[in-house]
1. Residue A:333 passes all but one of (1) over 23 Å from residue A:368 (Cβ atoms); (2) modelled with pLDDT of 95 or more; which number fails?
2. Would you confirm whether any residue within region A:179-190 is away from chain C (no Cβ under 14 Å) and surrounded by fewer than 20 Cβ atoms within 10 Å (Cβ to Cβ)?
3. Being modelled with pLDDT under 75, more than 7 Å from every other protein chain (Cβ to nearest Cβ) and in contact with a helix residue (DSSP H, G or I) (Cβ under 8 Å, 6 or more places away or on another chain) is the filter here, so list the residues in region B:257-289 that pass it.
4. Is one or more of the residues making up region A:268-286 within 19 Å of the chain's Cα centre (by Cα), outside any loop (DSSP other than H, G, I, E, B) and more than 27 Å from residue A:189 (Cα to Cα)?
5. Taking residue C:76 as the residue in question, decide whether it is surrounded by fewer than 23 Cβ atoms within 10 Å (Cβ to Cβ) and more than 11 Å from every other protein chain (Cβ to nearest Cβ).
6. Need the failing condition index for residue B:17 against (1) under 20 Å from the mean Cα position of the chain (by Cα); (2) within 14 Å of chain C (Cβ to nearest Cβ), just the number.
7. In region A:104-125, which residues are more than 9 Å from every other protein chain (Cβ to nearest Cβ) and either farther than 21 Å from residue A:335 by Cα or assigned to a loop (DSSP other than H, G, I, E, B) (or both)?
């Protein structure tokens, strides 16, 4: 096969040329990544590949809109333009760390935002902290990000898991009653949700007539659903996510649970519901932000209205909660940079925390100083299976709202677990 | 009792799925030595093709009949171009190549159909539950149970009672001899592969209706299918069926009593079987070590 | 000394110098230094896998279990017992070693496809354990931990960490080099060629395989522990069979029968991944294509093919030269030219 001299020579020549090409071309590619100029660079470390790609894209779009708005107004720190560098972490916490380092050390980003997946949020938070760079977790919900694994340099925009369970818990009890059945996925997120709802139960006197832990990738919820039918609760809490969520709701329809027992849960996302089959579009779920509800965006909220209008024009679909996370994170980050006239992480953090502000929802919010969690309201919505006549995306019917202060752990509780470790 | 019976039935259905996928895997492995890591992708492909057809307006039954055939065409294309060079070679080649194919397939599905999965519902008259006296049971599941049973029986008849099946089994024993005896082994290999993919395609359409359809949904059936092959033993149809049923039952019953252990239960079962019968329950000595 | 020997030594020295000055080079060409550490660590993992594929002839498709066990072993001891750098490294390695001890008795009963399937399955068991014991491992959220100090005083920033990785790489590389030339290594090659014949020659093949598995697991655990400490995180995906497949690809892409082939494979994989994922979101497709092309076109890997071309065409010593670099991936006559 390889015994003619011609073959050997041509192989070596090809190898040599390729290597030469790589050696000279490679640094050229890489160098173009580091041209800093006089701009402020914000990095985004997101799950653009993989199961969360849709959410990551929404977050990125929202962030870009906020950045464009600031650049239109003249940039930050006396006219410096803001640029945005996105890197894909492939839904892998290890790669997320490498990308964060690349964003900060090679691409010279002065701050980093992003994450959909909690594991990614946790690993990125640690990596940015090690490099003394401000990080805003846009969409990773795990309590630890602003709890046991908190850092002075980490902020979180989306609601924590604790907030989700408590907001929905209070609303659902108010609306449906206090006899609940819980179907819980048997992994970290599920356990966190379970613990949260147990706390709600303690606080407002809810009775659990049944609780089932379901294994990963359960496709068959019939044993649990038969139990639900037999125990006749007011409400069945469906905590499973992703494909399991779809299967469970489909089977709720198949088993005739819909109509007999109310269905609810901690959260649901517009992008996901839009992809659900009609028979799974049931129940009442936590919503972190919604574009078409006076309870959420208020009336006469010009910032919200222009955000929604421009987003819709550009992307032909309304912004989702994920878009809101991206928008709010970038907007407040740039505000802080502008106010502090610095990109030093500690200065930025001190500027960003505690300040009350108005944004694209009705009411005010602030990043709490004890844990850097954004304190803003959360809503409960029923699903409209077919949207409204003019708008197939208008899938949520907001029915209740819970204020931030009632739904997150208290300052003293958080102070016990979260040690921000400000640099001296 | 009322609680266990539907659970057992569900376990049997799940087991039948694993068995059907395992048979497809086994057919390909036995004859050609290729461990088809892309088998799950064919399941998903069948599901997506059916979804595309139903979205375009055909009814479910048409999709159920045609989508697997289209999947087979894709499978044959793969076989002739990529897989054929690997027959009878070191199994790592087949493993890696098909692994690569599964990566490409998953990403392609994501690009074409989106990352979140698509809604695929069983036909309207199969939705809803039928009363079985002591409990309700979804009609679609009953249909699936029947369909899988038909597939298994059909395969058994094909492999054991037809001439082609005879040649297949002979080729597994000694492929050189059967070539020497005049059988066109290229055609044999191709039909064998096609059969494995056909089975996967049908299972894929059924699974899509039952379990949901997303770029990774086929792969969730792949690992249990591998364990089924190990437990049942390679080279044995009965082994795949018995193995699949055993696993399905084990998982459902463990889910009922010790939910935390349910995923690991099939591996525990596998470990026990390997210790007691290293070639699997019905495996034949000498086939692939 | 023949020409090849001298050439080999020169290449080796140049290579070492390149690695020594990598931090400076990386800075100059705007590459992150921790990616360089990552390349070396994956090289060690791929070498470990290489010991099983290229030199023993078994399919370790569940090997990521050891990589992950290394990371979790280090991480758990750091998080709950606050140990130092070296202790964490040892704990990670030992965790992987124990994993192999547990797996071994089951795996060794079979060969070929069964071995591969069994290893995949057992690898998945560890994955589920990491996923399930949420209270201890953090479950799917992963586990974060600090990067410990070396000898309780020396902080390990990314650059000093790289040098630590380099030291380990040189040690492991040297160990591997001598291992494959030792009687033990020869025995493994003999088993790969024809296990039955080896057994008739008196070798207890089960025991050799077991030791190879243990060594491979320990090396991979070592690399995994370092990687965990590099990213200061451990997560269940590290144990998953996709990760196994990636590491096996690195070994094969570079050249499964060669000692330093894995470096080429790891380099291409890690850096390619890094660059590609910024340009396209569907980079799993080129990755899959790489698998396919590699299997069909370069079964001996890039380094293996290159070495093949440069080998002197002497018939008598052909086998000698060949075994120094391990035999090609398959031992069956149908594929050898």
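1. Condition not satisfied by residue A:333: (1).
2. Within region A:179-190, the first condition is being away from chain C (no Cβ under 14 Å), and the residues that meet it are A:179-183.
Filter once more, keeping what is surrounded by fewer than 20 Cβ atoms within 10 Å (Cβ to Cβ): A:179.
Yes, some residue in region A:179-190 is away from chain C (no Cβ under 14 Å) and surrounded by fewer than 20 Cβ atoms within 10 Å (Cβ to Cβ).
3. Filtering region B:257-289 down to residues modelled with pLDDT under 75 leaves B:259-260, B:283-289.
Next cut, more than 7 Å from every other protein chain (Cβ to nearest Cβ) only: B:283-287.
Answer for region B:257-289, where residues must be modelled with pLDDT under 75, more than 7 Å from every other protein chain (Cβ to nearest Cβ) and in contact with a helix residue (DSSP H, G or I) (Cβ under 8 Å, 6 or more places away or on another chain): B:283, B:287.
4. Our first condition is that a residue be within 19 Å of the chain's Cα centre (by Cα); within region A:268-286, this holds for A:268-275, A:285-286.
Checking which are outside any loop (DSSP other than H, G, I, E, B) leaves us with A:270-274, A:285-286.
Okay, now just the ones that are also more than 27 Å from residue A:189 (Cα to Cα), so none.
Scanning region A:268-286, I find no residue that is within 19 Å of the chain's Cα centre (by Cα), outside any loop (DSSP other than H, G, I, E, B) and more than 27 Å from residue A:189 (Cα to Cα), so the answer is no.
5. Working: surrounded by fewer than 23 Cβ atoms within 10 Å (Cβ to Cβ): yes; more than 11 Å from every other protein chain (Cβ to nearest Cβ): yes.
Yes: the conditions hold for residue C:76.
6. With (1) under 20 Å from the mean Cα position of the chain (by Cα); (2) within 14 Å of chain C (Cβ to nearest Cβ) applied to residue B:17, the lone miss is (2).
7. A:108, A:109, A:110, A:115, A:116, A:124
Per-residue answers, yes or no, for (1) closer than 15 Å to residue C:138 by Cα; (2) modelled with pLDDT of 95 or more:
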residue	(1), (2)
A:124	no, yes
A:130	no, no
A:134	no, yes
A:137	no, yes
A:147	yes, no
A:154	no, yes
A:157	no, yes
A:163	no, yes
A:167	no, yes
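The values are calculated or read from the model by the stated rules, or taken from the named source; none is laboratory data. None of these values were measured; they are calculated from a predicted model. Glycine gets a Cβ as well: all are built from the backbone with ideal geometry, and neighbour counts include every protein chain shown.
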